[in-house]
């Protein structure tokens, strides 16, 4: 085991304090030691409050003790502060306090073993650099549990202890998220992700994760809205979501004044599902089996999903040869409406896109023959949600940023190699995507 080797002469205070930035902790370095992987710094407080915290009378110094605090890494190695702190005796005979250790509030709270800036460093590394708890703990030379506790406690305070965090929220995005992929334990694996889209729509920032609620139902989203209070609910003007009717039900009940938006991604995805189902059905009817290499419809399965303007001339010829076959007429008609939906979202002017989308929805709201049963189901869904679909062209808000945050959370789960505790996962997600960097830097 290596032992600290103290340098023969104390390092100059000005140089050492500047390099290690101990001035912001109210400490001054007297000496330093090297113990292999750990750098030891011997310090003393610049100023000490000699008054009794209980009665306020002046105290006298009894002796000094050493308080050890973990601080920021130095040159890639953990550092440990050995702070020489006076123990004081209250001279007031009526005071209940007799002997106590002087506080150093600028550096750390009483009974804490890390400095204030260690918590900020942990959150910064997690939020900005995507570091895992294990990597942060290794850099500081402390345990995983301690590092995780510091991060979660600070995040809980920043996320739920700030009464102004929800003040400017006007546009909400909501979606489901699979937080674990373990079967058989009986607990739900989904959470409801709630995102603030206001900065993105206003052009002043990016979307931020507001909260994650266990479950994916109308009650999960509705209970969260109820807990926020009437002032918050009345301020919401737009709610974006996918095609799940549970979230739409909760928004109708609790946010009657807000416009619901079904975003383009999920509308197009609905059309993709129906186009794929139609192709598979016609494939079975004409060939008598599922798609195989060499089958006409199977050969164009990816070209069918490509936007018309992006199809190469070679693929366009191949596509035309297959779709013009009379036996493939249902696929051709379904593909046509799929392209029309995409084209509506590609219009330069929102008004033109809204008109084109309305024409598509209206055209599908007619009696569709059985040969186009997938298109009939699509038309029924689009007509039922037509107000939500057309609202996109008026508000410009979509659930795309929510899907982006979903992807970031998948990456977070990969960094951590999975989570077992849902509450920890929610807080770690808020650190990662909650837009807390400004608050973290202010710690």
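Annotation note: Cβ proximity below 8 Å between a residue of the stretch 203-214 that is free of Cβ contacts under 8 Å to residues at least 40 places away in the same chain and a residue that is not in a loop (DSSP other than H, G, I, E, B) (sequence gap 6+ or interchain) occurs for 213/191; 213/192; 213/194; 213/220; 213/221; 213/223; 213/224.
Restricting the stretch 243-265 to residues that are in a loop (DSSP other than H, G, I, E, B) and at pLDDT below 90, the residue that is surrounded by the most Cβ atoms within 10 Å (Cβ to Cβ) is 263. Out of 97, 83, 118, 61, one residue alone is in a helix (DSSP H, G or I) and in contact with a strand residue (DSSP E or B) (Cβ under 7 Å, 6 or more places away or on another chain). It is 118.
Consider the stretch 64-80. How many of its residues are over 20 Å from residue 113 (Cα atoms) and in contact with a strand residue (DSSP E or B) (Cβ under 6 Å, 6 or more places away or on another chain)? Counting residues in the stretch 64-80 that are over 20 Å from residue 113 (Cα atoms) and in contact with a strand residue (DSSP E or B) (Cβ under 6 Å, 6 or more places away or on another chain) gives 0.
Take the conditions (1) under 21 Å from residue 431 (Cβ atoms); (2) touching a strand residue (DSSP E or B) at 6+ places or on another chain (Cβ under 9 Å); residue 124 misses just one of them, which is (2). A Cβ distance below 6 Å, combined with a sequence gap of six or more or placement on separate chains, defines the contacts here; from the stretch 410-427, residues that are in a loop (DSSP other than H, G, I, E, B) reach residues that are surrounded by 12 or more Cβ atoms within 10 Å (Cβ to Cβ) and modelled with pLDDT of 80 or more in the pairs 419/425.
Could you go through the stretch 23-44 and let me know if any residue there is part of a helix (DSSP H, G or I), surrounded by fewer than 14 Cβ atoms within 10 Å (Cβ to Cβ) and at pLDDT 85 or above. First the steps, then the outcome.
Filtering the stretch 23-44 for residues part of a helix (DSSP H, G or I) gives 23-25.
Then keep just the ones that are surrounded by fewer than 14 Cβ atoms within 10 Å (Cβ to Cβ); that gives 24.
After this cut, where a residue has to be at pLDDT 85 or above as well, the list is 24.
Checking the stretch 23-44: at least one residue is part of a helix (DSSP H, G or I), surrounded by fewer than 14 Cβ atoms within 10 Å (Cβ to Cβ) and at pLDDT 85 or above.
Selection over the stretch 380-426 of residues that are in contact with a strand residue (DSSP E or B) (Cβ under 8 Å, 6 or more places away or on another chain), closer than 26 Å to residue 269 by Cα and surrounded by 16 or more Cβ atoms within 10 Å (Cβ to Cβ) gives a count of 15.
Can you name every residue in the stretch 427-443 that is under 16 Å from residue 189 (Cα atoms) and surrounded by fewer than 22 Cβ atoms within 10 Å (Cβ to Cβ)?
Matches in the stretch 427-443: none.
Being surrounded by 16 or more Cβ atoms within 10 Å (Cβ to Cβ), outside the structural domain of residue 37 (by TED's automatic domain parsing) and more than 18 Å from the chain's Cα centre (by Cα) narrows it down to one residue among 155, 136; which is it?
Values: 155 fails: more than 18 Å from the chain's Cα centre (by Cα).
The match here is 136.
Counting only residues that are touching a helix residue (DSSP H, G or I) at 6+ places or on another chain (Cβ under 6 Å) and either modelled with pLDDT of 95 or more or more than 28 Å from residue 421 (Cβ to Cβ) (or both), the stretch 198-220 holds 2 of them.
For residue 354, are the conditions met, namely being at pLDDT 95 or above and assigned by TED's automatic domain parsing to the domain that holds residue 333? So residue 354 passes the test.
Being part of a helix (DSSP H, G or I), within 30 Å of residue 212 (Cβ to Cβ) and touching a helix residue (DSSP H, G or I) at 6+ places or on another chain (Cβ under 6 Å): is that true of residue 152 here?
On the way: part of a helix (DSSP H, G or I): yes; within 30 Å of residue 212 (Cβ to Cβ): yes; touching a helix residue (DSSP H, G or I) at 6+ places or on another chain (Cβ under 6 Å): yes.
Here the answer is yes, as residue 152 does meet what is asked.
Of the residues making up the stretch 45-65, those that are surrounded by 18 or more Cβ atoms within 10 Å (Cβ to Cβ) and under 13 Å from residue 84 (Cα atoms) number 1. Can you give me the number of residues within the stretch 156-202 that are without any contact (Cβ under 8 Å) to a residue 24 or more places away in the chain and part of a strand (DSSP E or B)? Selection size over the stretch 156-202: 1.
The values are calculated or read from the model by the stated rules, or taken from the named source; none is laboratory data. Every value quoted in this text rests on a predicted model; they were computed, and no experiment measured them. Cβ atoms come from the backbone with ideal geometry, glycine included; neighbour counts cover every protein chain shown.
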